[in-house]
Structure formats: structure tokens, C-alpha cells
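Structure record follows, encoded as C-alpha cells.
The values are calculated or read from the model by the stated rules, or taken from the named source; none is laboratory data. Computed from a prediction, not measured in an experiment: that's the story for all the values here. For neighbour counting, all protein chains shown are included, and Cβ atoms are generated from backbone atoms with ideal geometry for every residue, glycine included.
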Amino acid sequence: MISPEVPDRTADMAAKQKLTFPILWDERSAVAETFGLAFTLPDDLRQVYLGFGNDLAVRNGDPSWRLPIPSRFVVDGDGIVRSVQADPDYTYRPEAETTLEALRKVVR
């Protein structure tokens with residue numbers, strides 16, 4: 001998993017969720033940017049986020065308010081991307097079974 005959130009925040013979340021895999025920090029959303037999957041939150045939405053007490057500049061350690069588009073990649077042992085799921089609508093998440101199916105194909 002790769003996240004724009006600073007490592008202290010993801011460590012807390014990982015402990016609460018009992019995650020057993022590493023979470024890498026995508027500082028300043030550099031990886032997301034490389035894949036063309038980063039965007040800057042507009043000013044009006046920044047105010048909405050701040051109204052909910054969610055200061056992304058602090059949370060992510062990045063004053064740019066850049067965020068990644070939620071995405072899933074399945075990469076095989078040779079570094080070849082075998083599946084990509086990405087949608088700019090952050091409320092949409094692909095079904096876990098879709099990702100598991102792609103993983104099963106890689107593991108064969």
C-alpha cells in the first residue's frame with residue numbers, strides 16, 4: 001500500500017486495522033504524479049475538508065493539497081503491471097474479488 005499520509009498517521013491506522021503489510025509513504029504524492037494519478041484539491045473543497053477537521057496539508061506533510069486518485073495495481077514478480085483499477089470518483093471502489101482474481105492469475 002502506498003499513501004500520501006505521513007508515516008505516523010498510517011502506522012496508527014495500520015495498528016487499529018491490524019494490517020500486516022507495509023505502508024509506504026508517497027511523499028508529496030510523487031508516485032501518484034508519476035502514474036498520472038495525482039490532483040490538487042480545489043480551494044472550495046479545501047474549506048470543506050478543513051470544516052471537517054481534516055487538514056490535508058498537516059495530515060500529508062505537504063502544503064500543496066495534492067491527493068492520489070484511488071487506484072489498485074497488480075504487478076507480477078517481473079515488475080509487469082497485470083491489472084489497473086483507477087477511478088477519479090473517490091467514492092467508487094472496485095470489488096475486492098476483482099483484485100483477488102487478478103492476483104490469482106499472477107500467482108499461477
Which numbered condition Phe39 fails, given (1) over 14 Å from the mean Cα position of the chain (by Cα); (2) assigned to a strand (DSSP E or B); (3) of a type outside the set (D, E, K, R); (4) in the same structural domain as Met1 (by TED's automatic domain parsing)
(1)
State which residue pairs qualify: first residue closer than 13 Å to Ser71 by Cα and without any contact (Cβ under 8 Å) to a residue 40 or more places away in the chain and inside the stretch 33-45, second residue surrounded by 12 or more Cβ atoms within 10 Å (Cβ to Cβ) and of a type outside the set (D, E, K, R) in any location, beta carbons under 8 Å apart, and separation of 6 or more residues or different chains.
Phe35/Ser71; Ala38/Ser29; Ala38/Ala32; Ala38/Leu67; Ala38/Pro68; Ala38/Ile69
Counting only residues that are polar (S, T, N, Q) and in contact (Cβ under 8 Å) with a residue 60 or more places away in the chain, the stretch 4-32 contains a total of 0
